[in-house]
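First up is the structure itself, then whatever we jot down about it.
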Amino acid sequence: MINKRLLIKNLLSHNDENSFYDKKQKLSLGSKEGKAKFLKHICALSNSNPSNNSFIVIGIEDKENKIVGVDFFDDSKIQNLINAYLENPPKITYENVPFSSLPRHKVIGLVTIFPTNTVTSFLKNAWKYKRKSIFYRRGSISMPFFGEHFKLRNTNQQRVEAIQKNASNHIELTLNGVFDFMKNHKPEYNPQYKVFNEQFVLCWAGKQKRSNGEEYFSRVDIELINEQVQLFYSALDDVQISYNSTSFIVTEFILLGLEQQEKHYPLEKTIINFKENGQHDIVNEFLFQPLKFEDSIINHIYQNCNAIVRKIMKEIPLSVTEHEDVLRLPTNYLICYVHGFLEVADQLKKAKNYIKDFTDETTYLKYKEALRVIRKLKYQ
């Protein structure tokens, strides 16, 4: 197994990006430009590495090669984006890799692009990149190809194989990973580990709570120690956890409703299956069934949210009641989204800086959770 934290360190030791490796401070998949540039780099790295893996490391300050980190990113639908926009799309994975130098809620993102040995091109227009566009890597730059026939060249296979070999996991790294996990989580989060198939070591922690007779965990952190990959992280939402001899199962819930009528709605089930051949896979099952309120109530909530955002944009002071409504703005906009108001993400983003400045971070965490759930619902 490859220890992904060690792999990232080996890649960063090259300092400069090259034809098999790119680094970014962050991804901006919420904008057309950011999405198109990400697709361009995937296309270029795939075409420049027909016989070996290639990588994008996210959360790195470029000039000083400094590890700054990004928020945990739920990657379950990112392959859909690649398949929708690229001809001969490569298989990719996005993994969240924790580093001890980063806060608990920050990770380094590792995108691995697997070889296809075929020419990848744009299947349709994306931002300023036209359909049938082909890109490749020249050093650290993703370049457009203007000729008639692009020829795949295998130039990095030995270098990449050596880097991956040097990142192989061993027992000391595994034990250190378990000890670090236990040390970095407070006792109230009950950190623990479980071994699957005598090969995989999975650590998890979460704060236990009960609601309506059901057991939930909040602030859940799940890490596959062998690969040093964070499989799940939850800042606010509640999850239920179960496991057997070969699988670890996480069912994610969101708390939705009007004022005091909130209740838990199942959102998604994630099943991590551990196999006898040293492999594992992750299966996601979407569970959410839209809640329904009367149209008059939803229209009132939507108009009220928009009025607050307009005041924030114009820097008009909010009343005491309006300030209290801001605390529910992420949840209320999310309720509006599931009732068909599909533009609410853009509206919510207009209030980001205002919400981020609150001394209590709870509303900002709800803001990020609402956008994450909207992204999940959008892909469905």
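Please verify whether ILE254 is more than 30 Å from ASN332 (Cβ to Cβ), out of contact with any Pro (no Cβ under 8 Å at 6 or more places or on another chain) and among the β-branched types (Val, Ile, Thr), treating the condition exactly as stated. Answer is no for this residue.
Scoring THR112 on the criteria (1) over 24 Å from the mean Cα position of the chain (by Cα); (2) modelled with pLDDT of 95 or more; (3) in the same structural domain as ILE56 (by TED's automatic domain parsing); (4) not in a loop (DSSP other than H, G, I, E, B) leaves a single failure, condition (1).
Restricting attention to region 177-219, the residues that are out of contact with any Ser or Thr (no Cβ under 8 Å at 6 or more places or on another chain), within 24 Å of GLU276 (Cα to Cα) and either without any contact (Cβ under 8 Å) to a residue 24 or more places away in the chain or not small (Gly, Ala, Ser) (or both) total 11. Is there a residue being charged (D, E, K, R), over 19 Å from the mean Cα position of the chain (by Cα) and under 18 Å from ASN10 (Cα atoms) anywhere in region 123-134? Scanning region 123-134 turns up no residue that is charged (D, E, K, R), over 19 Å from the mean Cα position of the chain (by Cα) and under 18 Å from ASN10 (Cα atoms). In the set LEU267, LEU258, LEU287, only one residue is at pLDDT below 85, closer than 25 Å to HIS339 by Cα and not β-branched (Val, Ile, Thr); that residue is LEU258.
Has region 162-174 got any residue that is out of contact with any Gly (no Cβ under 7 Å at 6 or more places or on another chain), more than 28 Å from ASN47 (Cβ to Cβ) and assigned to a loop (DSSP other than H, G, I, E, B)? Checked against the condition, which is being out of contact with any Gly (no Cβ under 7 Å at 6 or more places or on another chain), more than 28 Å from ASN47 (Cβ to Cβ) and assigned to a loop (DSSP other than H, G, I, E, B), region 162-174 yields at least one hit. Among the residues making up region 335-370, a single one is without any contact (Cβ under 8 Å) to a residue 24 or more places away in the chain and either of a type in the set (Val, Ile, Thr) or touching an Asp or Glu at 6+ places or on another chain (Cβ under 6 Å) (or both): THR359.
Can you tell me which residue is nearest to the chain's Cα centre (by Cα) among those in region 21-77 that are free of Cβ contacts under 8 Å to residues at least 40 places away in the same chain and within 23 Å of ASP221 (Cα to Cα)? Per the criteria, the residue is ASP75. Can you confirm whether ARG219 is among the basic types (Lys, Arg), out of contact with any Leu (no Cβ under 6 Å at 6 or more places or on another chain), part of a strand (DSSP E or B) and surrounded by 15 or more Cβ atoms within 10 Å (Cβ to Cβ)? Considered against the rule, which asks whether it is among the basic types (Lys, Arg), out of contact with any Leu (no Cβ under 6 Å at 6 or more places or on another chain), part of a strand (DSSP E or B) and surrounded by 15 or more Cβ atoms within 10 Å (Cβ to Cβ), ARG219 comes out as yes. Out of the residues in region 52-80 meeting the condition of being part of a loop (DSSP other than H, G, I, E, B) and of a type in the set (Asp, Glu), tell me which one is modelled with the lowest pLDDT. Checking each candidate, the answer is ASP75.
The values are calculated or read from the model by the stated rules, or taken from the named source; none is laboratory data. As the structure is a prediction and not an experimental result, all values here were calculated from the model. Reconstructed Cβ throughout: ideal geometry from the backbone, glycine too, with neighbour counts over all protein chains shown.
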